[in-house]
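Worksheet: one structure, shown below.
The values are calculated or read from the model by the stated rules, or taken from the named source; none is laboratory data. Quick caveat, the model's predicted, so the values are computed rather than measured. Don't worry about glycine lacking a Cβ; one is built from the backbone with ideal geometry, like all the others, and counts go over all protein chains shown. Ligands, DNA and RNA are excluded from the accessible area calculation, which covers all protein heavy atoms including side chains. Shrake-Rupley method; radii C 1.70, N 1.55, O 1.52, S 1.80 Å.
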Amino acid sequence: MKLTDRLLKIASLVDKDKKIADIGTDHGYIPVYLLNKNTIQYAILGDVNKGPLENAKKEVMRNNLIDKVDLRLGSGIEVLKPNEVDEIIIAGMGGMLINDILKANEEVAHTTEKLILQPMQAPEELRMFLYKNGYRIIDEHLVREEHRLYEIIVCKYEGLDPQDIDPIYYEIGQKLIEKQDPLLKDFIENKIRINENILRKLDGKEGDAVSNRKSIINKKIEELNNLLNK
């Protein structure tokens, strides 16, 4: 089985000899890949929809791994009991939805050794939630797949006090900056282009709301440029 670059990177972040859950598993590609490589002991594959779970079951059967997995139909990590797995993957959905999934079963979210989260949208909302709700961000990664850069956040609940950080670090993860991720420059430059495009669309428009919006965007562009030049 050949995984896409995004899925391969997520799989590489799973520790050896662990029991994992793959939430929103779709075809079950990551757990099947890890089981075939003998990286993990066991996997729970969860999905809220019957179709994807059936696809995952077919993939599992095709690889003769049915004795090493448990397929569960249900919403998010509500399909899990505390301490059933060591690590949880939640990938391929929006940051706000990942927040809701973590809130829906805090007993599981708070007792898991490691969470590997890959938001498709609103990563800044996810980071804000983690900082405000007692989680420690252990590491972050960028991965390029075709023409898009994806963000992966590795974290763990540690019961920390809510952390007040500069909002720019909700958008550009501090760990990415600390370790100077190889794709960081491209990532920040892309953020600058997006914000400059928004400014262009506001050209010629007037009013207090527009002026306020322009001011916020200009400040963000300035902060992004500062990060780029660090």
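Right, Asp186: surrounded by fewer than 16 Cβ atoms within 10 Å (Cβ to Cβ), part of a helix (DSSP H, G or I) and at pLDDT 95 or above or not? Steps first, answer last, please.
Numbers: surrounded by fewer than 16 Cβ atoms within 10 Å (Cβ to Cβ): yes; part of a helix (DSSP H, G or I): yes; at pLDDT 95 or above: yes.
Judged against the criteria, Asp186 is a match.
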For the structure I just gave you, tell me whether Ala56 is open to solvent by less than 10 Å² (accessible area, probe 1.4 Å), small (Gly, Ala, Ser) and touching a residue at least 40 places away in the same chain (Cβ under 8 Å). no
Of all residues in the range 138-155, which are farther than 21 Å from Leu224 by Cα and surrounded by 17 or more Cβ atoms within 10 Å (Cβ to Cβ)? Val154, Cys155
Considering only residues that are over 19 Å from Lys114 (Cβ atoms) and among the small types (Gly, Ala, Ser), look in the range 6-53 and name the one that is farthest from the chain's Cα centre (by Cα). Gly51
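Would you point out which residue out of Leu224, Leu199 is without any contact (Cβ under 8 Å) to a residue 40 or more places away in the chain and either part of a helix (DSSP H, G or I) or exposed (fewer than 13 other Cβ atoms within 10 Å of the Cβ) (or both)? Steps first, please.
On the way: Leu224 fails: without any contact (Cβ under 8 Å) to a residue 40 or more places away in the chain.
That would be Leu199, the only listed residue that is without any contact (Cβ under 8 Å) to a residue 40 or more places away in the chain and either part of a helix (DSSP H, G or I) or exposed (fewer than 13 other Cβ atoms within 10 Å of the Cβ) (or both).
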Please go through the range 122-153 and give me each residue that is touching a strand residue (DSSP E or B) at 6+ places or on another chain (Cβ under 7 Å), within 18 Å of Glu171 (Cβ to Cβ) and part of a strand (DSSP E or B), ordered by number. Tyr135, Ile137, Asp139, Glu140, His141, Leu142, Val143, Leu149, Tyr150, Glu151, Ile152, Ile153
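So that you can scan it fast, the table gives a plain yes or no per residue for (1) out of contact with any helix residue (DSSP H, G or I) (no Cβ under 7 Å at 6 or more places or on another chain); (2) over 28 Å from Gly159 (Cα atoms); (3) not polar (S, T, N, Q):
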site	(1), (2), (3)
Leu3	no, yes, yes
Asn38	yes, yes, no
Arg72	no, yes, yes
Glu78	no, no, yes
Collect the residues in the range 96-124 that are under 26 Å from Lys191 (Cβ atoms) and touching a Pro at 6+ places or on another chain (Cβ under 7 Å), keeping them in residue-number order. Ile98
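So which residues in the range 101-121 are of a type outside the set (Lys, Arg) and assigned to a helix (DSSP H, G or I)?
Start the filter on the range 101-121 by keeping residues that are of a type outside the set (Lys, Arg), which leaves 101-102, 104-113, 115-121.
Ile101, Leu102, Ala104, Glu106, Glu107, Val108, Ala109, His110, Thr111 - these are the residues of the range 101-121 that are of a type outside the set (Lys, Arg) and assigned to a helix (DSSP H, G or I).
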The residue from Ile90, Ile98, Ile77 that alone is without any contact (Cβ under 8 Å) to a residue 40 or more places away in the chain, outside any loop (DSSP other than H, G, I, E, B), surrounded by 15 or more Cβ atoms within 10 Å (Cβ to Cβ) and among the aliphatic types (A, V, I, L, M) is Ile98
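Pick from Asp70, Asp17: which is over 21 Å from Met120 (Cβ atoms), surrounded by 13 or more Cβ atoms within 10 Å (Cβ to Cβ) and either among the charged types (D, E, K, R) or in contact (Cβ under 8 Å) with a residue 12 or more places away in the chain (or both)? Let's see the steps before the verdict.
Numbers: Asp17 fails: surrounded by 13 or more Cβ atoms within 10 Å (Cβ to Cβ).
Checking each option against the conditions leaves just Asp70.
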Condition first: surrounded by fewer than 12 Cβ atoms within 10 Å (Cβ to Cβ) and within 21 Å of Asp5 (Cα to Cα). Can you find one or more residues in the range 168-180 that meet it? yes
